[in-house]
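Following: one structure in structure tokens, then a few remarks.
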Amino acid sequence: MDLLIALGQTPISLMMANSAWVVPTMQSIHIICVTIASMSVLIICLRVLGVAWQGVSLRQTVARFAPWAWVALILLTLTGIVLIFAEPPREIMALSMWIKMALLAVLIAVAVRFLRLVRNSPAFAAPEVNPDGALRRRAVFTLCLVVAIIFLGRFIAYDALIWGRLSPVGQF
Amino acid sequence: MDFSLFCAALQNSGLAQWINTTRGVYTIIECVHVIAITLVFGAILVIDLRLLGVASNNRPFSSVSRDLLRWCWIGFVIAALTGAMLFLPNAISIGQNRQFWIKMALIVVAGINMMIFELVTARSVAVWDNTLPTPVAARVSAALSILLWTAVIVFGRLVGFTAVVDDPFAEVL
């Protein structure tokens, strides 16, 4: 905790925390990137479920949306780092933050495995092919992960309220 | 009725009190609001990028629009409902918040832009559905739409940073 407080007192942290525009700007970019990443994942999952983007192969759908999701993820990481620097104790001590990061790691692992599968399987290059049950279940699981990550991102500001004594923030 | 009295009545309503005092409710509503914004802005962005000829160019505009507009409207209804629920417990302070009213005005302008596109430009969609570039009016509308909805998100976030002292949630934003 002392280390986090010291980090919060560094000139760069103080500059970010005291600036009237740094945190709101970073949060706005963060939300826009959440939107881009989530929508890209949603459309790919809807294509897997056969609900949207019909008439286009799964491989083409992935080629259209996956790069946007990755670029948004990079920007999310960068703006996330700035937001952590602006308020280190609030962010790093939050249980929500660590659960969010763990779920994000799971989401990335699921996405990488899915992308490999789509790239290596010739069947997914055909527009009329709809994925099987296992891949559909994975799409639903992926959407649940995205929703959970968005919830946890918002929970960071209310960590002690949400988790009670489980939250390290509430103990300080 | 005076607007500040109206806001005070909203803030003292049973629903506002319930949202304000029940643990976690306000936070859950905020999360659902964010997800709804994701649906609205995400869907609009994909449609507008198709109009601009930036992406999804291998599909007719009408197919892109048909796939996404329903999600956009579902998101908009949920965002409006949850937005109203977030307004209630802070009605007095948010009712005086300039950023909030700028956000509302931007949503109205974005709605007018969308209406003009649907009623005027999109009437000839059969002519340009599969061709690029799309008409100038469509591209102007799409660019304006992206700018307006980005501004809606920015001003929505600024509301949290310009809350009046009485706001019970000001310290956790």
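In the range A:1-30, the residues that are within 25 Å of B:GLY156 (Cβ to Cβ) form Cβ pairs under 9 Å with partners that are acidic (Asp, Glu), at six or more places apart or across chains, as follows: A:MET16/A:GLU87; A:ALA17/A:GLU87; A:VAL23/A:GLU87. Given A:MET39, A:MET101, which one is part of a helix (DSSP H, G or I), in contact with a Ser or Thr (Cβ under 9 Å, 6 or more places away or on another chain), aliphatic (A, V, I, L, M) and farther than 20 Å from B:PHE161 by Cβ? Residue meeting the stated conditions: A:MET39. All conditions in (1) among the hydrophobic types (A, V, I, L, M, F, W, C); (2) surrounded by fewer than 23 Cβ atoms within 10 Å (Cβ to Cβ); (3) within 7 Å of chain B (Cβ to nearest Cβ) hold for A:ALA72, with the sole exception of (3). Annotation note: Cβ proximity below 7 Å between a residue of the range A:99-123 that is over 17 Å from A:ALA134 (Cα atoms) and a residue that is of a type outside the set (A, V, I, L, M) (sequence gap 6+ or interchain) occurs for A:LYS100/A:GLY153.
Please indicate, with yes or no, whether at least one residue in the range A:48-63 is among the polar types (S, T, N, Q) and either touching a Leu at 6+ places or on another chain (Cβ under 8 Å) or more than 12 Å from every other protein chain (Cβ to nearest Cβ) (or both).
Checking the range A:48-63: not a single residue is among the polar types (S, T, N, Q) and either touching a Leu at 6+ places or on another chain (Cβ under 8 Å) or more than 12 Å from every other protein chain (Cβ to nearest Cβ) (or both).
Residues in the range A:82-90: is at least one more than 20 Å from the chain's Cα centre (by Cα) and either free of Cβ contacts under 8 Å to residues at least 12 places away in the same chain or part of a helix (DSSP H, G or I) (or both)?
Scanning the range A:82-90 turns up at least one residue that is more than 20 Å from the chain's Cα centre (by Cα) and either free of Cβ contacts under 8 Å to residues at least 12 places away in the same chain or part of a helix (DSSP H, G or I) (or both).
Screening B:SER124 with (1) touching a residue at least 60 places away in the same chain (Cβ under 8 Å); (2) surrounded by fewer than 20 Cβ atoms within 10 Å (Cβ to Cβ); (3) more than 14 Å from chain A (Cβ to nearest Cβ) gives one miss only, at (1).
Only a single criterion out of (1) within 30 Å of A:ILE12 (Cβ to Cβ); (2) within 14 Å of chain B (Cβ to nearest Cβ) is not satisfied by A:ALA148, namely (1). Here B:THR131 meets each of (1) modelled with pLDDT of 95 or more; (2) over 19 Å from B:GLY95 (Cα atoms); (3) not charged (D, E, K, R) with one exception, condition (1). Among the residues of the range A:77-116, the ones that are β-branched (Val, Ile, Thr), within 12 Å of A:GLY153 (Cβ to Cβ) and exposed (fewer than 15 other Cβ atoms within 10 Å of the Cβ) come to 0 in all. Put simply, of B:SER56, B:SER93 the only residue that is more than 28 Å from A:ASP159 (Cα to Cα), at pLDDT below 95 and crowded, with 21+ Cβ neighbours inside 10 Å is B:SER56.
Of the numbered criteria (1) more than 10 Å from chain B (Cβ to nearest Cβ); (2) surrounded by fewer than 15 Cβ atoms within 10 Å (Cβ to Cβ), the one A:TRP21 fails is (1). Summed over the range B:46-69, the residues that are more than 17 Å from B:ALA122 (Cα to Cα) and facing chain A (nearest Cβ under 9 Å) give a count of 3.
Among the residues in the range A:157-170, are any more than 19 Å from B:ILE35 (Cβ to Cβ), at pLDDT below 90, of a type in the set (Val, Ile, Thr) and buried (at least 20 other Cβ atoms within 10 Å of the Cβ)? Looking for residues that are more than 19 Å from B:ILE35 (Cβ to Cβ), at pLDDT below 90, of a type in the set (Val, Ile, Thr) and buried (at least 20 other Cβ atoms within 10 Å of the Cβ), one finds at least one in the range A:157-170, hence yes. Checked against (1) more than 23 Å from A:SER28 (Cβ to Cβ); (2) in a helix (DSSP H, G or I); (3) more than 12 Å from chain B (Cβ to nearest Cβ), A:GLU128 passes all but a single condition, namely (2).
Counting only residues that are under 30 Å from A:GLN54 (Cβ atoms) and polar (S, T, N, Q), give me the helices (runs of 4 or more DSSP H) lying completely in the range B:1-106 with at least 1 of them.
B:25-52, B:61-87
If we keep just the residues of the range B:129-158 that are within 10 Å of another protein chain (Cβ to nearest Cβ) and out of contact with any Leu (no Cβ under 8 Å at 6 or more places or on another chain), which is surrounded by the fewest Cβ atoms within 10 Å (Cβ to Cβ)? Ranking the candidates gives B:THR150 first. When residues in the range A:64-95 are screened for being modelled with pLDDT under 95 and of a type in the set (Gly, Ala, Ser), 3 of them pass. If the condition is being within 14 Å of the chain's Cα centre (by Cα) and crowded, with 18+ Cβ neighbours inside 10 Å, then the range B:68-82 contributes B:TRP71, B:CYS72, B:GLY75, B:PHE76, B:ALA79, B:THR82.
The values are calculated or read from the model by the stated rules, or taken from the named source; none is laboratory data. In this text, all values refer to a predicted model and were calculated from it rather than measured experimentally. Glycine also receives a Cβ, built like all others from the backbone with ideal geometry; neighbour counts cover every protein chain displayed.
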